[in-house]
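Written out below as structure tokens is the structure these notes cover.
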Amino acid sequence: MTRHLARLTAAAAGAILMSAGAAIAQPKEIVIGVQCDRTGATQTVGVFFCPGVHDYTNLINSKGGVEGRKIRAMEIDHEYKVPQGMEAYERHKKEGAVSILLYGTPHTQALAAKLAEDKIPGTSPGFGSAASADGKRYPYLFPIAATYWSQAAAAVQFVKGKLGGNLKGKKIAYLFYDNPAGKEPLPILEDLAKLEGFELKTFAVPAPGVEMGAQVLDITQRYRADFVIAHLFGRSPSVSIKEFKRVGYPLSKVVSFVWGSAEADLEAAGGGAVAEGYNTMQFAGVGSDYPVHKQIREMYQKEGKPAPKEMVSTVYYNRGIFHIAVHIEAVRNALKAKGATANITGEDVKNGFEKVKGVTLDGLMPPLEITPTDHEGGGWVQIFTVKGGKLTKASEWFRAYPEVIKKHIEADAKKS
């Protein structure tokens, strides 16, 4: 009887210990859905951007994860095709993704309603809809970086500084890829033309954007623009650099939106020497000398591997770091709010995004502050100029004409 009671007591104690162990055991890893393009129309971005996403995620995991939880960045290559993007979203949702790193304006537009319906936050830095900066109207969509409206405003402010602080009577050309994304900044540019008193003339480049000799001749020899604001994609930025160079127009009088600003664009134009003076806009830092790069190289070294070759294309690689870093910070905020072992939801992470503030990765990221009403985080950009064949920082982080942007967001809301 005594031995039987002892066995029962031991069994009960073991059950209690097992139960306690289950209580303190960490739940499964946290999944973040990553949409990518390594094989489609914008693979020149994806092959550098997506490795940046994974390298930063692996770095965080190598340090113990987020509040003790490991992150799984679940990548699906959608080839920049909307049907594949929709399918990727469903697979991510099935895997329990608490947020989705979106990739592409048409994909963002196609998924906006689904994100809200499923209460899963998605991010679209540097693409998507500028109006989605309004967190009240788009509670589950987060631009998290300068939208095309903010880029247009920043371009005008940069040009104003270059032309002596006064744009009255100046001629500014807007050279853009003829698609919805290319047309989106037009209301801002037209508004600022009235406000600052400059003349604005637009020059559309039809797809696929590899022929623009006629537009460049119009800009330089007929219109005689004092400055050019360029908003081009894919192969077209390098074509524009070569065409302006060919006709002798100073590239120091050109400023590009964010998708015409990578090292690959300079190489395709014939190298950095050809693009000397060209000005580009960025929403993440450029270069591989930030502390986070040193940590990634050290991580690879510990694994007996050379530094990732993708790090060389710093514009897109760094955007990958930036993009996933904001997701990870949102997850961190969600876990702090609910507890490190809690099973967080998309709604929890949405609230976590709206508390992101003060994460700069030593300057690689802008001083964005995401709030329930401002999902853009302020619309910060930096300007880089090609000097000595390399992209060189020409400005600190800045935002431009916030009152104009706010007015257009409010007007867009009324129209809806």
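The values are calculated or read from the model by the stated rules, or taken from the named source; none is laboratory data. All values reported here derive from a predicted model rather than from experimental measurement. When we count neighbours, we look across all protein chains shown, and the Cβ atoms used for this are built from the backbone with ideal geometry, even at glycine. All accessible areas refer to the heavy atoms of the entire protein, side chains included, with ligands and DNA or RNA removed. Shrake-Rupley method; radii C 1.70, N 1.55, O 1.52, S 1.80 Å.
Taking (1) assigned by TED's automatic domain parsing to the domain that holds residue 407; (2) within 29 Å of residue 372 (Cβ to Cβ); (3) out of contact with any Lys or Arg (no Cβ under 9 Å at 6 or more places or on another chain); (4) at pLDDT 95 or above in turn, residue 154 satisfies each apart from (3).
Does residue 292 satisfy the criteria of being β-branched (Val, Ile, Thr), at pLDDT 95 or above, surrounded by fewer than 24 Cβ atoms within 10 Å (Cβ to Cβ) and in contact with a helix residue (DSSP H, G or I) (Cβ under 7 Å, 6 or more places away or on another chain)? Yes, satisfied. Which of (1) in contact with a strand residue (DSSP E or B) (Cβ under 9 Å, 6 or more places away or on another chain); (2) within 25 Å of residue 373 (Cα to Cα); (3) touching a residue at least 60 places away in the same chain (Cβ under 8 Å); (4) open to solvent by less than 10 Å² (accessible area, probe 1.4 Å) does residue 189 not meet, given it meets every other one? Status for residue 189: all satisfied but (3). Filtering 266, 232, 251, 217 for residues that are more than 20 Å from residue 42 (Cα to Cα) and open to solvent by less than 50 Å² (accessible area, probe 1.4 Å) leaves a single hit, 251.
Report whether or not residue 101 is over 30 Å from residue 305 (Cα atoms), in contact with a strand residue (DSSP E or B) (Cβ under 9 Å, 6 or more places away or on another chain) and crowded, with 23+ Cβ neighbours inside 10 Å. In short, no.
Has the stretch 363-377 got at least one residue that is at positive phi, of a type outside the set (Lys, Arg), crowded, with 24+ Cβ neighbours inside 10 Å and under 15 Å from the mean Cα position of the chain (by Cα)? So far as the stretch 363-377 goes, yes, one or more of its residues are at positive phi, of a type outside the set (Lys, Arg), crowded, with 24+ Cβ neighbours inside 10 Å and under 15 Å from the mean Cα position of the chain (by Cα).
Taking the stretch 364-416 only, how many residues are of a type in the set (A, V, I, L, M, F, W, C), in contact with a helix residue (DSSP H, G or I) (Cβ under 9 Å, 6 or more places away or on another chain) and not in a helix (DSSP H, G or I)? So that I can check it myself, show each step before the final result.
Here is the first cut: in the stretch 364-416, the ones of a type in the set (A, V, I, L, M, F, W, C) are 364-365, 368, 370, 380-381, 383-384, 386, 391, 394, 397-398, 400, 404-405, 409, 411, 413.
Applying the additional criterion that residues be in contact with a helix residue (DSSP H, G or I) (Cβ under 9 Å, 6 or more places away or on another chain) yields 364-365, 368, 370, 380-381, 383-384, 386, 391, 394, 398, 400, 404-405, 409, 411, 413.
Now drop any that are not not in a helix (DSSP H, G or I), which leaves 364-365, 368, 370, 380-381, 383-384, 386, 391, 394, 398, 400.
Qualifying residue count for the region: 13.
Just checking, does the stretch 143-162 include any residue being free of Cβ contacts under 8 Å to residues at least 60 places away in the same chain and not aromatic (Phe, Trp, Tyr)? Looking for residues that are free of Cβ contacts under 8 Å to residues at least 60 places away in the same chain and not aromatic (Phe, Trp, Tyr), one finds at least one in the stretch 143-162, hence yes.
Suppose we filter 79, 95 for residues that are farther than 21 Å from residue 30 by Cα and acidic (Asp, Glu); which single one remains?
79
In this structure, does residue 386 turn out to be more than 19 Å from the chain's Cα centre (by Cα), crowded, with 17+ Cβ neighbours inside 10 Å and closer than 22 Å to residue 154 by Cα? So residue 386 passes the test.
For (1) open to solvent by 30 Å² or more (accessible area, probe 1.4 Å); (2) over 22 Å from residue 140 (Cα atoms), each residue gets a yes or a no:
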| site | (1), (2) |
| --- | --- |
| 58 | yes, yes |
| 64 | yes, yes |
| 73 | no, no |
| 82 | yes, no |
| 86 | yes, no |
| 90 | yes, no |
| 94 | yes, no |
